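Values in this text are rule-based calculations from the coordinates and carry no lab data. Because the structure is a prediction, the values reported are computed rather than measured. Ideal geometry is used to build each Cβ from the backbone, glycine not excepted, and the neighbour counts take in all protein chains shown.
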Amino acid sequence: MTRLAFLTDTHFDCLDPGKTQKFGRWVKSMGDACVITGDIATGDTLPARLTEFQNGFEGEVYFVLGNHDRWKSSFAQVEKDMRILCAYNANLHWLGDGKVYQIGHTQLCGVDGWYDYQCGDITERMRVGMNDWHEIEEFKKVNALATMGGYTKPLIDMLRELGQDSAIQAREVLAKCDKTKPVLFATHVPPFKEASWHEGKISNDQYLPFYTNIALGYVLNEWAKDAQYLTTLCGHCHSAGTYQALPTHHVVTGAAEYGNPRVNTVFNLS
Ligand SMILES: [Fe+2]
Ligand SMILES: [Fe+2]
């Protein structure tokens with residue numbers, strides 16, 4: 001049996017030096033392996049912090065990337081960094097690379113994911129601004145159009161495209177899975193409104209466009225409807241909750257607090 005610890009939104013960049021490795025040692029007391037569903041650190045600190053955590057944890061670390069993991073960098077650079085990092089550390093596994101891992105009878109896979117502006121208040125007059133848009137290189141141009149010119153369409157199109165890309169990636173990776181065996185699927189942004197837990201409640205209409213990845217939810221349910229069982233793990237909104245999307249599809253959203261990372265659940269996989 002493998003004890004798989006589920007963590008999310010660890011935001012290791014908020015910890016003092018040395019604390020990330022110490023936290024890794026503590027997680028080791030609960031899990032043989034772990035899965036982290038994004039917002040691990042920021043783009044510029046991610047390789048060092050993941051390495052520190054793994055040095056303390058010592059076991060296999062599976063992860064997807066969240067929005068914060070792209071900050072102070074770019075999508076392209078962070079993905080390049082992750083490929084190099086995982087090539088040099090055999091215990092670090094970026095699930096966004098499309099591989100399916102077998103842990104006992106369970107298949108583990110995932111996609112990074114992104115919020116796709118398809119749920120809640122989705123008018124072209126945006127009432128919420130996300131720091132992602134001035135922290136991540138690829139967003140800077142569309143963010144300037146939105147903030148200075150009030151022209152939000154290119155930004156909305158980019159969010160929709162990121163969501164759709166994650167849905168396509170999910171379809172591809174799930175096609176590699178055996179439907180007669182359970183699957184654990186990791187992603188950052190909740191794929192349903194009902195899984196978008198924030199401050200103990202479902203996110204409100206104002207934030208739902210940025211706290212859900214609706215395109216991904218469609219693909220996950222489509223795959224799960226005739227599968228043995230799919231469990232989706234996610235984070236992003238920092239509050240815990242569960243949602244039974246289908247009789248064969250359960251979604252677990254993990255809680256988080258800046259500066260105080262935790263283990264949400266431990267799955268015993270045999
Ligand atoms: Fe977060
Ligand atoms: Fe996030």
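Some notes on this structure:
- Footprinting exposure proxy ranking of His134, His236, His68, fewest other C-beta atoms within 10 angstrom first, gives His134, His68, His236.
- Normalised by the number of residues in the stretch 1-144, the mean separation of alpha-carbon contacts (under 8 Å, six or more apart) gives a relative contact order of 22 percent.
- Cα centroid separation, the stretch 155-188 to the stretch 190-223: 14 Å.
- At 1.567 mPa s and 4 °C, Stokes diffusion of the stretch 1-116 via Kirkwood alpha-carbon radius, µm² per second: 92
- Calculated P(r) of the stretch 115-193 - Cα pairs past 19 Å, %: 47
- Mean-position separation - Cα centroids, the stretch 125-151 and the stretch 64-85, in angstrom: 19
- Value of [θ]222 nm, deg cm²/dmol, for the chain, DSSP H segments ≥ 4, -39500 (n - 2.57) each, nearest 500: -9500 deg cm²/dmol
- P(r) weight above 21 Å for the stretch 200-270, C-alpha pairs, percent: 34
- Potential lengthening between Met30 and Asn55 on full extension [0.36 nm per residue; Cα-Cα distance subtracted]: 7.4 nm
- 20 °C / 1.002 mPa s Stokes-Einstein diffusion coefficient of the stretch 50-203, Kirkwood radius on C-alpha pairs, µm²/s: 124
- Across the stretch 71-138, the mean sequence separation of Cα contacts (distance under 8 Å, 6 or more residues apart), normalised by length, yields a relative contact order of 45 percent.
- The smallest convex shape that holds all Cα atoms of the chain, its convex hull, gives 110 Å³ per residue.
- Mean separation of Cα contacts under 8 Å (6+ apart) over length of the chain, as relative contact order %: 24
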